[in-house]
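The values are calculated or read from the model by the stated rules, or taken from the named source; none is laboratory data. What you are looking at is a predicted structure, and each value in this text was computed from that prediction instead of being measured. Don't worry about glycine lacking a Cβ; one is built from the backbone with ideal geometry, like all the others, and counts go over all protein chains shown. In case anyone asks, the SASA skips ligands and DNA or RNA and just uses the protein heavy atoms, side chains included. Shrake-Rupley method; radii C 1.70, N 1.55, O 1.52, S 1.80 Å.
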Amino acid sequence: MRTDTPWSTLPAREHLLAAAVGAPVPVLDVVIPVYNEEKDLEPCVLRLHDHLTRTFPYGFRITVADNASTDRTPRVAAALASLLPEVRSHRLEEKGRGRALGTVWSHSDAPVLAYMDVDLSTDLNALLPLVAPLISGHSDLAIGSRLSRSSRVVRGSKREFVSRAYNLVLRSSLAAGFSDAQCGFKAIRREVAERLLPMVEDTGWFFDTEMLVLAERAGLRIHEVPVDWVDDPDSTVHLVRTAADDLKGVWRVGRALATGALPLDRLARPFGDDPRDRAVPGVPRGLAGQLVGFCVVGALSTLAYLALYSLFRMGLGPQTANGAALLVSAVANTAANRRLTFGVRGRGGAVRHQAQGLVVFAIGLALTSGSLAGLGAASGQASHSTELAVLIAANLAATVLRFLLFRAWVFPDRRPDGRDDRRGPAHAPRSAS
């Protein structure tokens, strides 16, 4: 993974000012990636140019990104660029939609960058709603969604199945919160692209999915726009090959996120830019979300603990089985809460957190072991079901105490200088890896 992004937090989002007529820098740059599209390119650009001229209140540019076409596409693009002052052509000698978008976006001076497919399957009336939240400063990225309830989509059953199955994979494997990763209708603010694009490794069809996953994990705001979309029956996309490449990309990105290999902290907004940063008197910051995450992790680790205890109990005594099961589940519990509940990213401080988690584990061990000892003193040889019932009750008490200790001691939210400490030492400047 390339991580040679500039070190600094993102600037606060601001409403972009309308460019004056004839200004050298437009507000919006719409990129159209093409490969051998000599037939569709001219009507697409002319239609898009007419639509933007009539309806878009800001300065705009249309950039044709040619992916090493071998037909007349370069000549058509050049002719359009000479005919219309708002149109530019950029030629790449290597194929890849992601490579084309990354290259053009990286060199564009427009504050809002967008792209759409050359077939114009998406109704152009959704373009202004797509980029408006980026212009106003409300959002960092925007995507068109064909899977929204209010979207109107016309396409075959095979593509419908593939699209929904792919998004289900993203939700289940990468916990993606956006609804439609593959719609060729997206936009991004330039300052976000400058830091995000160097982290995106894919140069093909998985490019924008990877971009969205990383942006979402970094806490950036993604705006979704329901679109009207009509399938292009002449599309040259190879579904099987594209699906296989996408699954490889899902595995690669999931592994990088799990190991903390990506410096997502470089995509942070300044403190105070996000409403979640604002303290409300009497309401601990992030308490509700942390409770939900802690309960989910706690429920899963409790099931794992009970299964391990039952397994160890077949060959060990109750105290030894309890200690071993609690130790294994406690290490996993601390790691899961560190990342999922308290949002600590990267490897910095992980050893210290685990050591503190083991202290919390020792307290839980004392509670559960004490309960088992009390059960043995009171009833002698208790049944296995009774042991489990007592352990569940003891673990409930230990869970409440564990959350309080995690929040106040292991993963404290210290803000003496107004900065978020939940990201660990990653917020200090470091060299690119």
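Model label sites at S172 and L401, defined 7 Å from Cα along the beta-carbon direction, differ in position by 3.9 nm. Note on surface exposure: R152, R338 rank R152, R338 by accessible area, highest first, 1.4 Å probe.
Of the peptides 78-89, 118-129, the order by per-residue mean of other Cβ atoms within 10 Å, starting with the highest, comes out as 118-129, 78-89. Ligands, DNA and RNA aside, C295 has an accessible area near 80 Å² when probed at 1.4 Å. In whole angstrom, note down how far apart the Cα centers of the stretch 124-173 and the stretch 29-59 are. The distance from the Cα centre of the stretch 124-173 to that of the stretch 29-59 comes to 20 Å. The slack in the chain from A68 to L340, taken as 0.36 nm per residue of separation less the alpha-carbon distance, amounts to 93.6 nm.
I need the calculated FRET efficiency for the pair A378 and R352, taking r as the beta carbon distance and R₀ as 30 Å, to the nearest 0.05. Efficiency for this residue pair is about 0.15. A simple spin-label model places the labels of I392 and A307 1.7 nm from each other, with each point 7 Å out along Cα-to-Cβ. Label positions at V296 and V230, each projected 7 Å from the Cα along the C-beta direction, are separated by 4.0 nm. Most tightly packed first, judged by the mean number of other beta-carbon atoms within 10 Å of their residues, the peptides 142-150, 67-75 read 142-150, 67-75. With K and R counted +1 and D and E -1, the other residues having a Cβ less than 15 Å from that of S157 yield a net charge of +3. Here the gap between S148 and F56, fully extended at 0.36 nm per residue and compared with their Cα-Cα distance, gives a gain of 30.7 nm.
When nucleic acids and ligands are ignored and a 1.4 Å probe is applied, S379 ends up with an accessible area of around 70 Å². Sorting the segments 305-313, 201-209 by their residues' average number of neighbouring beta-carbon atoms within 10 angstrom, most packed first, yields 201-209, 305-313.
When K39, K158 are compared by accessible area of protein heavy atoms, the largest-first order is K39, K158, using a 1.4 Å probe.
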